[in-house]
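I'd like to ask you about the structure that follows.
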Amino acid sequence: MSLVSIKDVRKSFGSVEVLKGVSIEVGRGDVVAIIGKSGSGKSTLLRCINGLETYDAGCISVDGIDVGKTRGNLRDLRRNVGMVFQQFNLFPHLTAAENVMLAPKVVNRESAHITKALAKETLAKVGLSDKADSYPSQLSGGQQQRVAIARALAMRPNVLLCDEITSALDPELVSEVLRVVERLASDGMTLILVTHEMRFARDVGTKLVFMHQGKVHEEGPPKPLFASPGTPELAQFIGMQH
Amino acid sequence: MTYKLQFAELLPYWDVLLHGLIFTIVLTIVSTIGGIAVGTAGAAARTFGPKWLDPIVAAYVEIIRNTPFIVQLFFIFFGLPAAGVKLSETAAAFLAMVVNLGAYSTEIIRAGIEAVPKGHLEAAESLAMTRMQILRHVVLKQAFQKIYPALASQIIIVMLGSAVVSQISAEDLTYAANYIQSRNFRAFEVYLVVALLYLLLAIAARAVLRGIGRVIFPKA
Ligand SMILES: Nc1ncnc2c1ncn2[C@@H]1O[C@H](COP(=O)(O)OP(=O)(O)OP(=O)(O)O)[C@@H](O)[C@H]1O
Ligand SMILES: [Mg+2]
């Protein structure tokens, strides 16, 4: 059974239909890379998966929970679905460790002992053990994004959604974040990433999804698709990225 | 024409002045705490509360911000008894101050809440936090950090404005001044000294507020 199942999802903003019947199946341990032009609906789709955005038709389920029918227990869903954003969105008044510990403490009511251990473990995982007591403003963009990843991991999600998490970074900081994501992938984490890093999509992804005008235009294993796109749109899109 | 300053004539009234000074200080502290509590609740209601509450809080804020403080004070002290609520001068003074600062700080704190980037709220939502948890752990501290200087200024304004409570015979510093000059007829000296005391109070309050700010927001 799929961990994340997206079936014929439609979504309009006003009179503009942004998602026009999107279906994607994500298995446990899959690393799905979503690519596509600006405005093709990638972020909207991702945000529908954890209920940040509602959708008008179709069905999304995560680990058997129907996202559209959650209402009250949207929070149960979100405990299992982590999200990392382009703009990091760290809480500026909290240190790196406090950012990581906040949700386990207030949402899961874990003891101080456990949240401290969680912070230690997840910050180590992103290579920032020495920055636990730094405030976000004292960290580089790459470090902030790694803290944001640690913060999401501390809730022990079943799947992690990443929306262009390297797009706001200086070029020299991109690789440190991608390395962390690659580690997660090799540890078996289920990942759905919207990305403009084509090489990363090809080398780390287990599945490529090309969105075009609100639809999945092509999907499949990344390497063959990159080598020989099935549609002129994908060929053109890949060509544009170089 | 020369006027001979005679500050010595104030000396017999030092206890009256001290009493007024303490009253004004306590009035300021209490109404600051009460006003910020009201303001926080008001701002939270307007931004995170149920929709029906918003126009009610908005009406409170607009009424207070668009009427003179002295009229609010008179309404509470002279008007409310007609509705069966009879308050002492002191109680009326404290209540009017809290109500007044509450309205101004509602708007100030609301501006701070609205300045918190939407992305932070979405990040917190994605971590399965409830709206109350988000308000408490993510929004309020950031909001206060942003608006603390504005709030501190408002507290000083309200402290100086509190002189008006002498009009209902609440025994603050200005009441003390009025009392003393009506006895010794040394208005010049009395009001000079009291003005100086208000000036010192304001300087001290600013210093205290700055110190508190440094403790609460170590990285501001
Ligand atoms: N809250 C919103 N209200 C109205 N329109 C929106 C909203 N969010 C997104 N849109 C529109 O929906 C379309 C798809 O947006 P979306 O952000 O999903 O695209 P994207 O593929 O993520 O693009 P990008 O690569 O630029 O991030 C765009 O035309 C956008 O303007
Ligand atoms: Mg996007």
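Using Cα pairs under 8 angstrom and six or more residues apart, how large is the relative contact order of chain B, in percent?
Working: 220 pairs, mean separation 65.4, N = 220.
With pairs under 8 Å counted, the relative contact order is 30 percent.
Any idea what the alpha-carbon Rg over 2.2 N^0.38 Å comes to for chain A?
Numbers: Rg = 17.8 Å, N = 242, 2.2 N^0.38 = 17.7 Å.
In units of the 2.2 N^0.38 Å rule of thumb, it is 1.00.
So what's the gap between the Cα centers of segment B:1-75 and segment B:128-168, to the nearest angstrom?
14
Of A:R109, B:R210, A:R146, which has the most accessible area and how do the rest follow, probe 1.4 Å? Don't jump to the answer; show the numbers that get you there.
Details: A:R109 180, B:R210 135, A:R146 30 Å².
I get A:R109, B:R210, A:R146, largest accessible area first.
So what J values fall out for segment B:188-201 if you push phi through Karplus, 6.51 cos²θ - 1.76 cosθ + 1.60 with θ = phi - 60°, rounded to Hz, Gly and Pro as x?
Along segment B:188-201, the couplings run 4, 5, 4, 6, 5, 5, 5, 4, 4, 5, 4, 4, 5, 4 Hz.
Given a 1.4 Å probe and the protein chains all in place, what does the accessible area of A:E110 round to, in Å² to the nearest 10?
Per-residue accessible area (A:E110): approximately 70 Å².
Here's another thing I want to ask about it. Could you size up the charge dipole of the protein assembly as shown around its Cα centre, putting +1 on the beta carbon of Lys and Arg and -1 on that of Asp and Glu, and report it in debye to the nearest 20? It would help to have the intermediate numbers written out before the result.
Working: 46 positive and 38 negative charges, 74 e Å.
Around 360 debye, computed over the protein assembly as shown.
Moving on. Considering only protein heavy atoms, with the full assembly of protein chains and a 1.4 angstrom probe, order B:I33, A:I238 by accessible area, largest first. Don't jump to the answer; show the numbers that get you there.
Values: B:I33 115, A:I238 20 Å².
I get B:I33, A:I238, largest accessible area first.
If you don't mind, there's one more thing I want to ask. Using Cα atoms only, what is the angle between the long axis of helix B:89-114 and the major principal axis of chain B, expressed in degrees (0 to 90) to the nearest 10?
40
On a 0 to 90° scale, report how tilted helix B:140-161 is relative to the longest principal axis of chain B, with both axes built from alpha carbons and the result rounded to the nearest 10.
In chain B, helix B:140-161 runs at an angle near 20 degrees to the longest axis.
Further question: Counting only C-alpha contacts under 8 Å and six or more residues apart, can you give the relative contact order of chain A as a whole percent? Provide the component values of the computation, followed by the final result.
Numbers: 445 pairs, mean separation 63.2, N = 242.
About 26 percent, as a whole number.
Which lysines does A:K223 reach when only Cα atoms under 23 Å apart count, and residues fewer than 8 places away in its own chain are ignored?
Cross-link targets: A:K37, A:K42, A:K207, A:K215.
Right, another one. To the nearest 10 degrees, how steeply does helix B:173-184 sit against the main Cα axis of chain B, on a 0 to 90 scale?
It works out to around 10 degrees.
Under 16 Å between alpha carbons, and skipping anything fewer than 8 positions from A:K120 in its own chain: which lysines qualify?
The reachable lysines, counting only those whose Cα sits under 16 Å from A:K120, are A:K105, A:K131.
Mind checking which of A:V177, A:V16, A:V147 has the largest fluctuation in a GNM of chain A, springs on alpha carbons under 10 Å?
A:V16
Can you send over the solvent-accessible area of A:K131, 1.4 Å probe, protein chains only, in Å² to the nearest 10?
Accessible area, nearest 10 Å²: 60 Å².
If you roll a 1.4 Å probe over the heavy atoms of the protein chains, what accessible area per residue do you get for the protein assembly as shown, in Å²?
On the way: 21720 Å² over 462 residues.
Each residue of the protein assembly as shown exposes 47 Å² on average to a 1.4 Å probe.
Here is a follow-up. Counting protein heavy atoms only and a 1.4 angstrom probe, how many square angstrom of accessible surface do chains B and A bury in total, to the nearest 100? Could you put the intermediate results ahead of the total?
Values: alone 12210 and 11410 Å², together 21720 Å².
So the buried area, both faces added, is about 1900 Å².
Using +1 on the beta carbon of Lys and Arg, -1 on that of Asp and Glu, and nothing else charged, what's the dipole of segment A:38-159 about the Cα centre, debye to 20?
With only Lys, Arg, Asp and Glu charged at Cβ, the dipole is about 120 debye.
Using only the heavy atoms of the protein chains and a 1.4 Å probe, how would B:F78, A:F13, A:F200 rank by accessible area, largest first? Could you put the intermediate results ahead of the total?
Details: B:F78 120, A:F13 95, A:F200 20 Å².
Largest accessible area first, the residues go B:F78, A:F13, A:F200.
Of all accessible surface on the protein assembly as shown at a 1.4 Å probe, what whole percent is carbon and sulfur?
Numbers: 12870 of 21720 Å².
Summing carbon and sulfur atoms, their accessible area is 59 percent of the total for the protein assembly as shown.
Next up: If all Cα-Cα distances of the protein assembly as shown are sorted into 20 Å bins from 0 onward, what percent lands in each bin, rounded to whole numbers?
Answer for the protein assembly as shown: a P(r) of 21, 39, 24, 13, 3, 0 percent.
Which whole number gives the average count of other chain Cβ atoms within 10 Å of the Cβ atoms across peptide B:128-134?
Numbers: counts 17, 6, 3, 0, 1, 6, 1.
Average per residue, whole number: 5.
Largest first and to the nearest Å, give the Cα extent of segment B:10-216 along each principal axis.
For segment B:10-216, the Cα extents along the three principal axes come out at 69, 43, 22 Å.
Mind checking which aspartates and glutamates have their Cα closer than 20 Å to the Cα of A:K116? Skip sequence neighbours fewer than 8 apart in that chain.
A:E98, A:D130, A:D133
While we're looking at this one, here's another question. Quick one: accessible surface of B:I157, probe radius 1.4 Å, all protein chains present, in square angstrom to the nearest 10.
Its heavy atoms expose roughly 100 Å² to the probe.
Let me ask something additional. Of B:A176, B:V158, B:F48, which is farthest towards the positive pole of segment B:10-216's charge dipole, taken about the Cα centre with +1 and -1 on the beta-carbons of Lys, Arg and Asp, Glu respectively?
Of B:A176, B:V158, B:F48, it is B:F48.
The values are calculated or read from the model by the stated rules, or taken from the named source; none is laboratory data. Quick caveat, the model's predicted, so the values are computed rather than measured. FYI the Cβ positions are ideal-geometry reconstructions off the backbone, even for glycines, and counts take in every protein chain you see. The area values use the complete protein model at the heavy-atom level, side chains included, leaving out ligands, DNA and RNA. Shrake-Rupley method; radii C 1.70, N 1.55, O 1.52, S 1.80 Å.
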